[in-house]
Amino acid sequence: MIKKTTLEIIAPTVEEAIAQGLAQLGLTADAVSVEVLDAGTKGFLGLGKPQVRVRLTVNPAGGAAEVQTESAPAPAPEAERLVTRAAAAADARQGAPVISAPAEKEPESQPEHDALLDRTESVISKMLHLLNLEAQVSANYGPSERDGHRNIHVDIRGNDLSVLIGRRSETLAAFQYIASLIVGKGEQQFVQLNVDVEGYRDRREKQLMQMAKRMADQVAKSGRRQTLEPMPSGERRIIHIALRDHPDVKTESTGEEPYRKVMILPKNG
């Protein structure tokens, strides 16, 4: 069963973007429509190598594949028909007819588009494009919170994305906050995004929990408080949660942002 109906890809060439998208969706070229959103402009402030941004949309049952673009280089074999039809799509804007090939097969079943998830993926993809980063973006709803709201989890996958994380994940936190504001502006309310890069947040959470328990054991044995390095609020929260049921220690936050820290203290100290 197909889980996604749209996918945006950033890559050096149109054919690479289409090939990556088809591989992720597990479909052939005739099962999707392709729109070239940016046909190879320079990166942020005109620096860096050109990148293209392509959106693949899974066709409704029985639908035909289409391509919309300004221009496209020679494609890889799997994407050949789609990229070839790009020129026809461009001519259509000037009045030339467009011939679309019929779909070879019908998807089993497809969910309707979710406008908020589509907008989230589009916003994140555009931000990455401005940063001249090549990546794939996938957005999904997380579990419902106690107040009934659902956060949106955004997974970014690609090569050499460490620059997006930054020292102590400060860059990632800023990127996430700005993206949340941009997405929320269209919804006329704040939308909470949880943006992760190549599984970084999961790995970091495990590291913080292990460190918290190790430091707590030291405090329990020595009876002396320990102060951890400055952390973003989300990471401090992980420390507090990890130790809130500890029988011998308690935690407090101290200092001012952006240098606020967690202290681990003996409960009877």
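The values are calculated or read from the model by the stated rules, or taken from the named source; none is laboratory data. The structure displayed is predicted, hence computed values, not measured ones. Using ideal geometry, Cβ is built from the backbone for each residue, glycine included, and neighbour counts are taken over all protein chains shown.
Here are the numbers:
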quantity: Residue, surrounded by the most Cβ atoms within 10 Å (Cβ to Cβ), within the stretch 20-52, restricted to residues that are in contact with an Asp or Glu (Cβ under 8 Å, 6 or more places away or on another chain) and at pLDDT 80 or above; calculated: Val34
quantity: Any hit, the stretch 174-188, residues being in contact with a strand residue (DSSP E or B) (Cβ under 6 Å, 6 or more places away or on another chain) and either exposed (fewer than 15 other Cβ atoms within 10 Å of the Cβ) or of a type in the set (D, E, K, R) (or both); calculated: no
quantity: Selection count where residues are within 27 Å of the chain's Cα centre (by Cα), assigned to a loop (DSSP other than H, G, I, E, B) and not aliphatic (A, V, I, L, M), scope the stretch 207-253; calculated: 2
quantity: Whichever residue in the stretch 248-264 is hydroxyl-bearing (Ser, Thr, Tyr) and within 14 Å of Arg237 (Cβ to Cβ) and, among such residues, is surrounded by the most Cβ atoms within 10 Å (Cβ to Cβ); calculated: Thr251
quantity: Candidate set from the stretch 138-158 (those that are at pLDDT 85 or above and more than 18 Å from Glu187 (Cβ to Cβ)); member that is surrounded by the most Cβ atoms within 10 Å (Cβ to Cβ); calculated: Ile156
quantity: Residue within the stretch 222-232 that is touching a residue at least 12 places away in the same chain (Cβ under 8 Å), among the hydroxyl-bearing types (Ser, Thr, Tyr) and surrounded by 15 or more Cβ atoms within 10 Å (Cβ to Cβ) present; calculated: no
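Yes/no matrix, rows are residues, columns are (1) out of contact with any helix residue (DSSP H, G or I) (no Cβ under 8 Å at 6 or more places or on another chain); (2) among the acidic types (Asp, Glu); (3) at pLDDT 90 or above:
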position: Phe190; (1), (2), (3): no, no, no
position: Asp202; (1), (2), (3): yes, yes, no
position: Arg236; (1), (2), (3): yes, no, yes
position: His240; (1), (2), (3): yes, no, yes
position: Leu243; (1), (2), (3): no, no, yes
position: Leu265; (1), (2), (3): no, no, yes
